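The values are calculated or read from the model by the stated rules, or taken from the named source; none is laboratory data. This one's a predicted model, so the numbers in the text were calculated from it and none came from an experiment. Note that each Cβ is placed from the backbone with ideal geometry, even for glycine, and that neighbours are counted across all protein chains shown.
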Amino acid sequence: MLVFPKSLPRQDRKYIIDLKETIFNSGLENISVKIVRDKIKQVPAMAWCELDSNSWSLLQRQRELAGVSRKELGGAIGVYDRIIQQWEQKIDNVMPRFSQFEKYLNHLTIKSEALDYRLYLPKRLFKK
């Protein structure tokens with residue numbers, strides 16, 4: 001467990017706390033690295049995709065304008081309609097895997113490259 005103070009004593013200095021080696025050398029497996037989509041060439045299917053609420057609202061609106069229900073879309077991409085609701089409304093911060101996200105977008109003929117989103121990748125995919 002790491003504990004940091006709410007504020008550091010000197011506000012006129014920039015502090016860098018580099019935990020990269022500590023994290024990558026730990027035996028912990030359930031650690032993900034958050035990166036911007038543009039920083040990776042090929043996105044693994046199992047990566048988690050994070051969009052902000054506004055982006056999800058726009059996607060939901062596009063889905064509704066296309067006349068596609070959550071139930072129909074869920075059936076087409078292999079998830080329950082409640083899962084799509086959780087994505088679109090950011091309920092409990094449920095995020096789709098990249099493979100699911102691509103299917104969601106493809107069904108609505110939206111290109112993922114046009115969106116600003118972050119990825120969570122397992123640390124094992126990164127070299128030390």
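Condition first: surrounded by fewer than 10 Cβ atoms within 10 Å (Cβ to Cβ) and either under 22 Å from P122 (Cβ atoms) or touching an Asp or Glu at 6+ places or on another chain (Cβ under 6 Å) (or both). Can you find one or more residues in region 53-63 that meet it?
For region 53-63, residues surrounded by fewer than 10 Cβ atoms within 10 Å (Cβ to Cβ) and either under 22 Å from P122 (Cβ atoms) or touching an Asp or Glu at 6+ places or on another chain (Cβ under 6 Å) (or both): absent.
Out of everything in region 23-36 that is more than 22 Å from R118 (Cβ to Cβ) and either in contact with a His (Cβ under 6 Å, 6 or more places away or on another chain) or exposed (fewer than 10 other Cβ atoms within 10 Å of the Cβ) (or both), what residue ends up being modelled with the highest pLDDT?
N25
Of (1) under 21 Å from R118 (Cβ atoms); (2) touching a residue at least 12 places away in the same chain (Cβ under 8 Å), K39 satisfies all except one. Which?
Unmet for K39, out of (1) under 21 Å from R118 (Cβ atoms); (2) touching a residue at least 12 places away in the same chain (Cβ under 8 Å): (2).
Can you list the helices (runs of 4 or more DSSP H) lying wholly within region 45-128 that have 2 or more residues being touching a strand residue (DSSP E or B) at 6+ places or on another chain (Cβ under 7 Å)?
Hits in region 45-128: 98-107.
Looking at region 44-58, I want the residues that are free of Cβ contacts under 8 Å to residues at least 40 places away in the same chain and have a partner that is in a helix (DSSP H, G or I) and among the charged types (D, E, K, R) with Cβ atoms under 7 Å, at least 6 apart or on another chain. Which pairs are those?
W56/E88
Going by the conditions given, is K14 basic (K, R) and surrounded by fewer than 10 Cβ atoms within 10 Å (Cβ to Cβ)?
Yes.
V68 versus (1) of a type in the set (A, V, I, L, M, F, W, C); (2) surrounded by 12 or more Cβ atoms within 10 Å (Cβ to Cβ); (3) within 27 Å of P122 (Cα to Cα): which is the lone unmet condition?
Going through the list (1) of a type in the set (A, V, I, L, M, F, W, C); (2) surrounded by 12 or more Cβ atoms within 10 Å (Cβ to Cβ); (3) within 27 Å of P122 (Cα to Cα), V68 breaks only (3).
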